[in-house]
1. Per residue of the stretch 235-251, what does 6.51 cos²θ - 1.76 cosθ + 1.60 with θ = phi - 60° give for ³J(HN,Hα)? Whole Hz please, x for Gly and Pro, Karplus curve as stated.
2. Can you list residues whose amide H is under 5 Å from E20's amide H, if they're 5+ apart or on another chain and H is modeled 1.01 Å from N?
3. What's the extension gain from L81 to R246 if we count 0.36 nm per residue and subtract their Cα-Cα distance?
4. For R45 and D206, compute 0.36 nm times the residue count separating them, minus their Cα-Cα distance, and round to one decimal in nm.
5. Simple spin-label model, 7 Å along Cα-to-Cβ: K151 to Y70 in nm?
6. What is the distance, in nm, between label points placed 7 Å from the Cα along the Cα-to-Cβ direction at K213 and at R52?
7. Quantify how much of the Cα-Cα distance distribution of the stretch 151-279 extends past 17 Å, in percent.
8. Tell me, what is the FRET efficiency for T63 and I267 to the nearest 0.05, using R0 = 41 angstrom and their Cβ-Cβ distance as r?
Amino acid sequence: MEALEKIWHYRLVTLANGGEVTIGQVILAVLLVVLGFLLAKLVQRLIGAQMRKAQANPDVIQTIQRVAFYAILILVFITALGSLNIPISALAFVSGAVAIGVGFGAQNIINNFISSWILMSEKPVRIGDFVEVDEHKGTVESIGNRSTRIKRVDGVHLLIPNSQMLERIVVNWTLVDLDIRTTVRVGVSYGSPVRRVEELIREAVDTQPEILKDMHRLVIFEDFGDNALIFDTYFWCKAGGEKDLRAIRSEIRFRISELFEQEGIVIAYPQRDVHLDTLKPLEIRMHREDSSPQLQPVEGGPDSNA
């Protein structure tokens with residue numbers, strides 16, 4: 001016991017203010033930091049669980065969790081320094097040198113870390129938003145210290161650095177509301193009653209529950225096409241992303257097809273008339289796979305044999 005006590009009180013460093021740092025103090029400081037880190041994680045989880053029960057906004061939950069975590073770590077660090085008899089002012093020079101070194105060596109990490117706090121405070125992108133970054137589209141799942149995690153529409157997860165979420169063009173489909181304007185195009189055959197076509201298209205749009213009835217809905221007779229009379233309908237609807245928007249357009253097309261079928265209106269398809277300009281009747285040859293004699297060329301005329 002005396003040997004352990006001697007090791008425990010063994011002096012490692014003598015400070016300028018006359019204080020001493022022993023092995024026991026160092027061990028206690030390390031244990032304090034470890035326990036403080038575990039406590040910070042526990043508090044972070046408890047705060048998240050309680051706020052989720054209260055159905056708080058996910059962005060608010062993540063912000064409060066992060067503030068509580070780092071606040072506890074700072075208090076634990078200051079307490080650990082106090083247990084070692086090291087005043088905070090003594091770290092001013094060291095912290096300045098470390099800050100310069102970190103600034104040069106970890107610019108991207110610091111940039112992404114600061115960007116994460118900007119994203120959480122300004123909220124240009126929030127958890128649950130449907131966003132489009134370059135050619136990628138998906139839902140924001142979390143905003144971490146270094147990167148933002150996005151679940152793409154095909155289920156693939158993307159990790160985008162937070163700094164790029166601020167520096168690049170990000171299309172947020174749900175930033176303010178879910179209102180989106182879209183269009184559906186349909187072509188009917190020539191000779192169709194165009195006014196009746198307009199009424200049926202408008203009816204197909206109005207029957208969808210996602211359509212915003214208080215917003216203007218417009219049916220345009222767009223053009224006399226090569227093979228059809230072209231109609232476009234413009235309308236506003238509530239959609240939480242591209243998947244919802246495609247489903248709404250699909251239901252409208254189903255309804256248009258049903259209404260046109262009831263009215264006998266034909267949805268046009270490409271057609272081509274082929275004219276053969278020849279100076280003499282066509283020669284026709286017919287072949288059989290068996291041993292039957294081959295039919296000879298026949299020229300058209302009233303006395304020709306087939």
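Every number here is computed from the coordinates shown, using simple stated rules; none is lab data. Quick caveat, the model's predicted, so the values are computed rather than measured. Cβ sites come from the backbone with ideal geometry, for glycine too, and all protein chains shown count toward neighbours.
1. Here the 3J(HN,Hα) series is 7, 9, 8, 9, 9, x, x, 5, 4, 4, 5, 5, 5, 5, 4, 5, 5 Hz.
2. The list, which skips near neighbours in sequence, is L15.
3. Numbers: separation 165, 0.36 × 165 = 59.40 nm, distance 5.93 nm.
The span from L81 to R246 would gain 53.5 nm if fully extended.
4. Working: separation 161, 0.36 × 161 = 57.96 nm, distance 4.67 nm.
Taking 0.36 nm per residue and subtracting the Cα distance, the gain is 53.3 nm.
5. 2.7 nm
6. Modelled inter-label distance: 3.8 nm.
7. Values: 5499 of 8256 pairs.
When all Cα pairs of the stretch 151-279 are counted, 67 percent exceed 17 Å.
8. Details: r = 52 Å, r/R0 = 1.27.
Computed FRET efficiency for T63 and I267: 0.20.
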